[in-house]
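*Asks:* Here you go, one structure.
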């Protein structure tokens, strides 16, 4: 028997966008199913799938062997996938925030985020709240007696650093 998958695909739509800086935008995604998403650390990793030109929704295989089938797709037919951090999760409201660094038309994520309109859909591969096992999709696990922390990051890691700083403030 195969191990239960701790991540699953969520089909979400852009609900709101907030400009945080000239190169950083917070995207609020919503769907009723987000109530079944969880985050286990302040730097929770997720995978974001973007639709190909001409698609309204990214086409991503599902099921136990989804990744092998995804990798087997020809590159021109495979939805671009990038790794992001959940900035905030409000399962009761069916909302999840993801911050995007905008650097022009240089990649599928920045291109999508630059042109995204309210209602545009993406896929989020995120931890499934209905699975008790840990997703292991986070790195911040400091010792209980930690006294000092040095965090070094570029713009793309700001959401994780912000989450970690909030965690330290508790």
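*Asks:* Note down the nm distance, to one decimal, between modelled labels 7 Å out along Cα→Cβ at residue 140 and at residue 55.
*Replies:* Result: 3.2 nm between the two label points.
*Asks:* Return the distance in nm (one decimal) between the two label points of a simple spin-label model at residue 115 and residue 132, each offset 7 Å from Cα along Cα→Cβ.
*Replies:* Taking the simple label geometry, residue 115 and residue 132 are separated by 4.7 nm.
*Asks:* Further question: Describe numerically, in nm with one decimal, the distance between label points set 7 Å from Cα along Cα→Cβ at residue 155 and at residue 19.
*Replies:* 1.4
*Asks:* In a Gaussian network model over the chain where Cα atoms closer than 10 Å are linked, find which of 119, 63, 54 has the largest mean-square fluctuation.
*Replies:* Of 119, 63, 54, the most mobile in the Gaussian network model is 54.
*Asks:* Which residue fluctuates most in the GNM of the chain (Cα springs below 10 Å): 142, 51, 42?
*Replies:* Among 142, 51, 42, the largest mean-square fluctuation in the Gaussian network model of the chain belongs to 142.
*Asks:* Distances over 21 Å make up what percent of all Cα-Cα pairs in the chain?
*Replies:* 50
*Asks:* Once the Cα gyration tensor of the range 115-168 is found, what semi-axes does its equivalent ellipsoid get, as square roots of 5 times the eigenvalues, in whole Å, sorted largest first?
*Replies:* 28, 20, 8
*Asks:* Largest first, please: the extent of the C-alpha atoms of the range 1-75 along each principal axis, to the nearest Å.
*Replies:* Projected onto the principal axes, the Cα atoms of the range 1-75 cover 46, 34, 23 Å.
*Asks:* Where does each of 33, 128, 145 land when they are ranked from fewest to most other beta-carbon atoms within 10 angstrom? Working shown, then result.
*Replies:* On the way: 33 15, 128 19, 145 5.
Exposure proxy ranking, most exposed first: 145, 33, 128.
*Asks:* Next up: So, in Å, what gap is there between the alpha-carbon centers of the range 56-122 and the range 13-31?
*Replies:* Taking the Cα centre of each part, the range 56-122 and the range 13-31 sit 13 Å apart.
*Asks:* To continue, here is another question. Using a Förster radius of 41 Å, what is the FRET efficiency between residue 40 and residue 72 based on their Cβ-Cβ separation? Nearest 0.05, please.
*Replies:* Details: r = 30 Å, r/R0 = 0.73.
Efficiency computed from Cβ-Cβ geometry: 0.85.
*Asks:* Sort 112, 140 by Cβ crowding within 10 Å, fewest neighbours at the top.
*Replies:* 140, 112
*Asks:* If you don't mind, another one. What number, in percent, do you get for the relative contact order of the range 65-157 if the mean sequence gap of Cα pairs under 8 Å and at least 6 apart is divided by its residue count?
*Replies:* Reported as a whole number, the value is 15 percent.
*Asks:* Per 5 Å bin, what percent of the C-alpha pairs of the range 87-134 does each bin hold, from zero upward?
*Replies:* All Cα pairs considered, the percentages come to 5, 15, 21, 24, 16, 10, 8, 2.
Taken together, the values in this text are just the output of simple stated rules run on the coordinates, not laboratory data. Just so it is clear, the structure is predicted and the values come from calculations on it, not from any experiment. Neighbour counts run over all protein chains shown; Cβ positions are idealised from the backbone, glycine included.
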